[in-house]
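The values are calculated or read from the model by the stated rules, or taken from the named source; none is laboratory data. All values reported here derive from a predicted model rather than from experimental measurement. Backbone-built Cβ (ideal geometry, glycine too); neighbour counts: all protein chains shown.
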C-alpha cells in the first residue's frame with residue numbers, strides 16, 4: 001500500500017472523483033456503505049490527526065477512512081504521511097478501525113482554482129487567494145468519496161486561531177464557505193477543532209508531543225498572504241467576495257460534474273465565471 005500511495009503522490013494523476021480502484025475496490029465500498037459510524041478523515045499534519053481523534057470521541061465513530069489529497073505545491077518527504085497514519089492508528093480507542101490510506105487529487109481542478117487565473121484573481125479581489133482556494137479544493141475533493149460511501153461525514157482539522165495567529169484559509173469566512181459547499185451536496189463537514197486555539201491543547205488531544213508544522217509535508221505558498229512583518233491584513237469582505245463570486249461556484253460546478261459521472265473542463269468553467 002505504501003509503495004502504491006507514494007507512486008500516486010509522485011505522479012499526481014487525475015484520480016477524481018474517486019481514488020484508484022486498486023486502493024478502494026468495489027467490495028470495500030460496499031462494506032463501508034453497509035457499516036455504521038463511518039467517516040472520511042483528512043490526513044496531513046497534527047491538526048488533522050487531532051481532529052480525527054476528537055471526532056471519534058464526540059461522534060462515536062467506528063470506522064475512519066483516511067485520505068490524503070495532493071495539490072500543486074507540496075514539498076518534503078512522502079513518508080511523513082504514512083507516519084501520520086501510524087500515529088493516528090496508535091491513538092485510536094479499541095474497536096475503532098482505521099482503513100488503509102487513500103491518496104487522490106486533480107491537478108487540473110487545483111490549477112483552475114489556484115494557478116491559471118492567479119493574476120486576475122489577485123487583481124480582482126485584492127489579495128493572493130491561493131491558500132483559501134487550495135483548502136476549498138482539498139475539501140471539495142472528498143465530497144464524491146463521501147457521497148459514494150453513503151453520505152458519510154467528512155472530518156478536517158481547520159482552526160479559527162492558532163495560538164492567537166490567524167490563517168487566511170481557516171478564518172471564519174473560509175470555514176463557512178467550506179461548510180456551505182458541503183451542505184449544498186447534502187453532506188456534513190465536521191471541524192471539531194474550530195474553537196481550539198491552543199497548540200498545547202492539540203498535543204493534549206494527541207497524547208504526544210507534536211510541534212506545529214512538524215512531521216508533515218510543507219507548502220511553497222505557506223503564508224503568502226501575510227505582510228512582510230507577518231501581519232494578516234486581507235479584508236474579510238474581500239475573502240467572502242472571492243468565495244461567493246468565484247471559488248464556491250467553481251467548486252460547486254466541478255463537484256456536480258464529478259457526481260454526474262462527467263469529466264469537467266475545469267479551466268473553461270473557471271474562465272466562464274471570470275468572464276461573466
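Quick one: which of 69, 56 is at pLDDT 95 or above and out of contact with any helix residue (DSSP H, G or I) (no Cβ under 7 Å at 6 or more places or on another chain)?
56
Residue under question is residue 237, and the condition is that it be closer than 17 Å to residue 177 by Cβ, more than 19 Å from the chain's Cα centre (by Cα) and surrounded by fewer than 18 Cβ atoms within 10 Å (Cβ to Cβ); does it hold?
Yes; evaluated as a whole, the condition is true for this residue.
Rundown of residues vs (1) part of a helix (DSSP H, G or I); (2) modelled with pLDDT of 95 or more; (3) in contact with a helix residue (DSSP H, G or I) (Cβ under 7 Å, 6 or more places away or on another chain); (4) within 27 Å of residue 15 (Cα to Cα), yes/no style:
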position	(1), (2), (3), (4)
223	no, no, no, no
238	yes, yes, yes, no
246	yes, yes, yes, yes
252	yes, yes, yes, yes
262	no, yes, no, yes
267	yes, yes, yes, yes
272	yes, yes, no, yes
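Could you please find all residues in segment 1-27 being closer than 20 Å to residue 105 by Cα and not in a loop (DSSP other than H, G, I, E, B)?
The answer is 2, 3, 4, 5, 6, 7, 8, 9, 10, 11, 26.
Could you check segment 45-68 and list, in sequence order, the residues that are touching a strand residue (DSSP E or B) at 6+ places or on another chain (Cβ under 7 Å) and either in a loop (DSSP other than H, G, I, E, B) or over 24 Å from residue 199 (Cα atoms) (or both)?
The answer is 61, 62, 63, 65.
Determine, yes or no, whether residue 218 is surrounded by fewer than 17 Cβ atoms within 10 Å (Cβ to Cβ) and either without any contact (Cβ under 8 Å) to a residue 24 or more places away in the chain or over 30 Å from residue 164 (Cβ atoms) (or both).
no
Only residues that are over 16 Å from residue 257 (Cα atoms) and in a loop (DSSP other than H, G, I, E, B): list them for segment 98-133, please.
Hits for segment 98-133 are 99, 100, 101, 115, 116, 117, 126, 127, 128, 129.
I'd like the residue in segment 174-193 that is surrounded by fewer than 18 Cβ atoms within 10 Å (Cβ to Cβ) and in contact (Cβ under 8 Å) with a residue 24 or more places away in the chain and, out of all such residues, is farthest from residue 144 (Cα to Cα).
Only one residue fits best here, namely 180.
Being touching a strand residue (DSSP E or B) at 6+ places or on another chain (Cβ under 7 Å) and either without any contact (Cβ under 8 Å) to a residue 40 or more places away in the chain or in a helix (DSSP H, G or I) (or both) is the filter; apply it to segment 134-148 and report the residue that is nearest to residue 74 (Cα to Cα).
Ranking the candidates gives 138 first.
Count, please, the residues in segment 159-192 that happen to be outside any loop (DSSP other than H, G, I, E, B) and either in contact with a strand residue (DSSP E or B) (Cβ under 6 Å, 6 or more places away or on another chain) or over 18 Å from residue 247 (Cβ atoms) (or both).
Residues in segment 159-192 being outside any loop (DSSP other than H, G, I, E, B) and either in contact with a strand residue (DSSP E or B) (Cβ under 6 Å, 6 or more places away or on another chain) or over 18 Å from residue 247 (Cβ atoms) (or both): 7 in total.
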